[in-house]
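J.: Sharing a structure below in structure tokens format, with a few things to ask.
The values are calculated or read from the model by the stated rules, or taken from the named source; none is laboratory data. Since the model is a prediction, treat every value here as computed from it, not as a measurement. As a convention, Cβ positions derive from the backbone with ideal geometry for all residues, glycine included, and neighbour counts pool all protein chains shown.
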Amino acid sequence: MNNTHRDPVKTGSLYHVKDVGIDDIKDIVKDNEWFTEHIIVRDNTVSIKLNGKEVVNWRNRRIGMAGAKGRGARSAMAPSHFRT
């Protein structure tokens, strides 16, 4: 996950929709340590939590999005390991 990689968009971001910077996560997650990431989508709101602390709460204000179906994707910019 991108905690200290040179890309300014860090772990927990809703990439280029609601970006999280290093100052937002420096006390929450560290490189080479396990952490939890919860991505919660309800109606038209996306919440992302790192180690239980909310770093993103974004609401899609476009009419007609509540109840829409679709897919999500995860991306890692640096060497990463995922465990589900």
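J.: Here is a list of conditions, (1) out of contact with any Phe, Trp or Tyr (no Cβ under 9 Å at 6 or more places or on another chain); (2) within 26 Å of Arg71 (Cα to Cα); (3) surrounded by 11 or more Cβ atoms within 10 Å (Cβ to Cβ), and Trp34 meets all of them except one; can you say which number that is?
T.: (3)
J.: Here's something else I'd like to know. Run Gly52 past the list (1) in contact with a His (Cβ under 9 Å, 6 or more places away or on another chain); (2) crowded, with 16+ Cβ neighbours inside 10 Å; (3) at pLDDT 90 or above and report the number of the one that doesn't hold.
T.: Among (1) in contact with a His (Cβ under 9 Å, 6 or more places away or on another chain); (2) crowded, with 16+ Cβ neighbours inside 10 Å; (3) at pLDDT 90 or above, the lone unmet condition for Gly52 is (2).
J.: Then there is this: Looking at (1) within 18 Å of Arg71 (Cα to Cα); (2) under 11 Å from the mean Cα position of the chain (by Cα), which one does Val9 not meet, given that it meets all the others?
T.: So Val9 meets the others, but not (1).
J.: Identify, from the list Asp43, Asp19, Asp24, the residue that is buried (at least 16 other Cβ atoms within 10 Å of the Cβ) and among the acidic types (Asp, Glu). Break it down stepwise before answering.
T.: Details: Asp43 fails: buried (at least 16 other Cβ atoms within 10 Å of the Cβ); Asp19 fails: buried (at least 16 other Cβ atoms within 10 Å of the Cβ).
Going through Asp43, Asp19, Asp24 in turn, the sole match is Asp24.
J.: Okay, next question. I need a count of the residues in region 20-47 that are part of a loop (DSSP other than H, G, I, E, B) and closer than 18 Å to Arg61 by Cβ. Working first, answer last.
T.: Within region 20-47, the first condition is being part of a loop (DSSP other than H, G, I, E, B), and the residues that meet it are 20-21, 26-36, 43-44.
Next cut, closer than 18 Å to Arg61 by Cβ only: 43-44.
Residues meeting the conditions: 2.
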